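Let me begin by presenting the structure, written as structure tokens, before commenting on it.
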Amino acid sequence: LAREIAEAHGGRIALLNRTTGAQARPALARILWSWPTPTALASADLRSLAPLLKPLGLWRGRGRTLRRLSASWASGERCLGTLPGVGPYARSSWAVFVDGKLPRRVEDGKLRLYVNYKRRVRCKRKKR
């Protein structure tokens, strides 16, 4: 999902914070259809975003963060450490799913399980 987000608009991983990909995908599809560019999303009205974000919870904060994040992305900002709403989970997810890296430290439990699985698979391939 992070790769889909990156390819479509880069930076919209904020939808995944405190929710699952299965929950975020429908909202993401509708957001991308309604606001096809980061510039458009940056100027989206929170009342328009509300019906899409309410099922994910924390909708007011997500809406504000998505707008700030989209504005930063539209202005050319690409440093994950400075983008609004991009914390350790989003940075780790980006590293794994977009950059193809396996970070040493991963705070999220499910992402850590995935990273450890990928490390085991990689080790088995090297032994062959």
Exercise for review: Could you list the residues of region 78-93 with an amide nitrogen less than 14 Å from a label point located 7 Å from the Cα of Tyr114 in the Cα-to-C-beta direction?
Suggested key: 89-93
Revision key, fill the gap. Of the accessible area of the chain, computed with a 1.4 Å probe and all protein chains kept, carbon and sulfur make up a percent value of 52 percent
Practice item. Check each of the trypsin sites (Lys or Arg not before Pro) in region 72-104 and keep only those in coil by DSSP with at most 15 other C-beta atoms within 10 angstrom; list them in order. Key: Arg78, Lys101, Arg104
Practice item. Select one label from [x] 8.9; [y] 8.0; [z] 7.1: the one whose number is mean projected area of the Cα convex hull in nm² as derived from the coordinates shown. Key: [y]
Review point. Taking θ as phi - 60°, what are the ³J(HN,Hα) couplings along region 84-98 by the Karplus curve (6.51, -1.76, 1.60), each to the nearest whole Hz, with x for Gly and Pro?
Key: x, x, 9, x, x, 5, 5, 5, 5, 4, 4, 4, 6, 8, 9
Practice item. Mind checking the full-extension length gain between Lys127 and Ser34? Use 0.36 nm per residue of separation minus the Cα-Cα distance, one decimal, nm. Key: 28.6 nm
Exercise for review: Amide H neighbours of Gly87 under 5 Å, at least 5 residues apart or on other chains, H built in the peptide plane: list them.
Suggested key: none
Check your understanding: For region 26-38, what does the Karplus curve 6.51 cos²θ - 1.76 cosθ + 1.60, with θ = phi - 60°, yield as ³J(HN,Hα) per residue in whole Hz, taken in order and with x for Gly and Pro?
Key -> x, 5, 4, 4, 5, 5, 5, 6, 6, 10, x, 9, x
Point to revise | Stretch gain in nm, segment Gln23-Leu46, where the contour uses 0.36 nm per residue and the Cα spacing is subtracted | key: 6.3 nm
Review point. Accessible area per residue of region 23-125 at 1.4 Å probe, in Å²?
Key: 61 Å²
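The values are calculated or read from the model by the stated rules, or taken from the named source; none is laboratory data. A quick note: this is a predicted structure, and the numbers were derived from the prediction, not measured. As a convention, Cβ positions derive from the backbone with ideal geometry for all residues, glycine included, and neighbour counts pool all protein chains shown. Accessible surface is based on the protein model in full, side chains and every heavy atom, while ligands, DNA and RNA are left aside. Shrake-Rupley method; radii C 1.70, N 1.55, O 1.52, S 1.80 Å.
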